[in-house]
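Take a look at the structure below.
The values are calculated or read from the model by the stated rules, or taken from the named source; none is laboratory data. Please read these numbers as outputs of a predicted model, since none were measured by experiment. All Cβ positions, even for glycine, are placed from backbone atoms using ideal geometry, and neighbour counts span all protein chains on display. Heavy atoms of the whole protein, side chains included, go into the accessibility calculation; ligands, DNA and RNA do not. Shrake-Rupley method; radii C 1.70, N 1.55, O 1.52, S 1.80 Å.
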Amino acid sequence: AAQKQPETLLGSEVRHGERYELVVTTRGGLCRWRIGDVVEVVRHDGRAPVVRFCYRQGQLLNMRGEKVSEEVVALALQDALSTPNTPPSTPTFSASTAFAGARPGYVY
């Protein structure tokens, strides 16, 4: 079954505060390419929208089995680091990688 295509809007038709997925057509032959970037319109400069990148469609972080978007992580860090009356701290990040040794597993 064909996937339903969302409504296409021109830059002059988007509204402030709304989020949209970008669709690109190039002179090189790419026609209506859904690149997966989701942006939010923050203001207009004349008829041209000024946007901020929010996240990439379908891209989630797997944090200990909980799947969250990059935007959620960024907002949580921003909120944590800007909360008044909390001692300053340095955010600590961890990463895991698979390794092939005597026993397969993960290194944290």
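Matching residues to (1) part of a strand (DSSP E or B); (2) touching a Lys or Arg at 6+ places or on another chain (Cβ under 8 Å):
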position	(1), (2)
HIS16	no, yes
ARG27	no, no
VAL50	yes, yes
TYR55	yes, no
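Sort through LEU60, LEU75, LEU81 and tell me the only one that's farther than 30 Å from VAL14 by Cα, open to solvent by 70 Å² or more (accessible area, probe 1.4 Å) and at pLDDT 65 or above.
Only one candidate passes the filter, namely LEU81.
Of the residues ARG19, ARG32, which single one is at pLDDT 85 or above, open to solvent by 60 Å² or more (accessible area, probe 1.4 Å), out of contact with any helix residue (DSSP H, G or I) (no Cβ under 8 Å at 6 or more places or on another chain) and not aliphatic (A, V, I, L, M)? Steps first, please.
Values: ARG32 fails: at pLDDT 85 or above.
Among ARG19, ARG32, only ARG19 is at pLDDT 85 or above, open to solvent by 60 Å² or more (accessible area, probe 1.4 Å), out of contact with any helix residue (DSSP H, G or I) (no Cβ under 8 Å at 6 or more places or on another chain) and not aliphatic (A, V, I, L, M).
Among (1) at pLDDT 85 or above; (2) open to solvent by 70 Å² or more (accessible area, probe 1.4 Å), where does SER12 come up short?
The number of the failed condition is (2).
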